[in-house]
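Taking it in order: structure first as structure tokens, then the write-up.
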Amino acid sequence: MPKNKGWNRHKGGRPKGRKREQNPSFHILCEGVNTEPLYFNQFPISNIGHCKGYGQTSIALVKTALKYKRANGIKKNSKDQVWVVFDYDYKGDLQPKQKEDFNTAIIQAETNGIRWAVSNDSFELWYVLHYQNCDAQQLRTWYNDRLEHHTGSDYDKDRAIAIKMYDTLLPYQSDAIARAEAISALYDNNDKAYADKNPYTTVHELVVELNKYIK
């Protein structure tokens, strides 16, 4: 009679030693205090470990993200994802330093394993893409006006408005992702002059990652 070769099989359930794969935790540090964190916190997933607005400049936000990673023991090979969210928000009187800081912040984030969801000129570009293509350089005020046109209501960074935007935009989200991907394809990924890319957004990359965990 052949010997039983099933000696290493755990009786009942899954084989011994096999563990359920744990979802990564998202740690999202936002430049804005209301708009961005309130939007991302509306995603119906359970693995957003941290999502907060810091009211900091792009450079300061990346430094805060680095400290956050160290404080929480998030290593290079961790499945957890740390993201920074900020925009350019062009101001003529701050040039050329603002442009330099925007580019440097992205490069520093990338170098240190921090992912970045950025927009040029404003986060509201991502919102407007739910309704239409954007193929020309515009400032924040233009995006706000287009949102009011499409939604039929006032738009500003008030908390009461910001908390509704996820549900308002959700029916058009797939269109926004496609339009954002089309914009990204217009630029050379090796070109680090991010401040010169306008319109430009990578917010859809974070949205796509979060959507993977919606049940």
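Every number here is computed from the coordinates shown, using simple stated rules; none is lab data. Since the model is a prediction, treat every value here as computed from it, not as a measurement. In this analysis, Cβ positions are derived from the backbone assuming ideal geometry, glycine residues included, and neighbour counts consider all displayed protein chains.
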Among DSSP bridges having both ends in the range 26-211, what percentage is antiparallel? Round to the nearest 5. 10 percent
Pull up all non-local amide H partners of CYS51: gap of 5 or more, or a different chain, and H-to-H distance under 5 Å with H placed in the peptide plane. ILE28
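Taking the Cβ of GLY53 as the centre, find all other residues whose Cβ is under 11 Å away and add up their charges (Lys, Arg: +1; Asp, Glu: -1).
The answer is +1.
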Angle between the Cα long axis of helix 97-111 and the longest principal axis of the chain, 0 to 90 degrees, nearest 10? 10 degrees
Length gained if GLN132 through ALA185 is fully extended, taking 0.36 nm per residue and subtracting the Cα-Cα distance, is 17.4 nm
If you find the alpha carbon centre of the range 104-145 and of the range 146-170, how far apart are they in angstrom? 17 Å
For the range 120-135, take each phi angle, set θ = phi - 60°, evaluate the Karplus expression 6.51 cos²θ - 1.76 cosθ + 1.60, and give the result in whole Hz per residue in order, putting x for glycine and proline. 10, 9, 9, 4, 5, 4, 4, 5, 5, 4, 5, 10, 7, 6, 10, 10
List, in the order given, every pair from LYS67/LYS99; LYS63/LYS91; LYS67/LYS164; LYS52/LYS164; LYS157/LYS215; LYS76/LYS164 whose Cα-Cα distance in the structure shown is over 27 Å. LYS67/LYS164; LYS157/LYS215; LYS76/LYS164
Per DSSP, loop chymotrypsin sites (Phe, Trp or Tyr not before Pro) in the range 157-215 with at most 15 further Cβ within 10 Å: TYR187, TYR213
Which value at 222 nm does the chain reach when only helices count, each DSSP H run of 4 or more adding -39,500 (n - 2.57), with the total divided by all residues and rounded to the nearest 500 deg cm²/dmol? -11000 deg cm²/dmol
Could you calculate the FRET efficiency of LYS76 with LYS192 from 1/(1 + (r/R0)^6), where r is the beta carbon distance between them and R0 is 25 Å, rounded to 0.05? 0.70
C-alpha long axis of helix 58-71 to longest principal axis of the chain, angle in °: 20 degrees
Which angle from 0 to 90°, rounded to the nearest 10, does the C-alpha axis of helix 140-151 make with the longest principal axis of the chain? 70 degrees
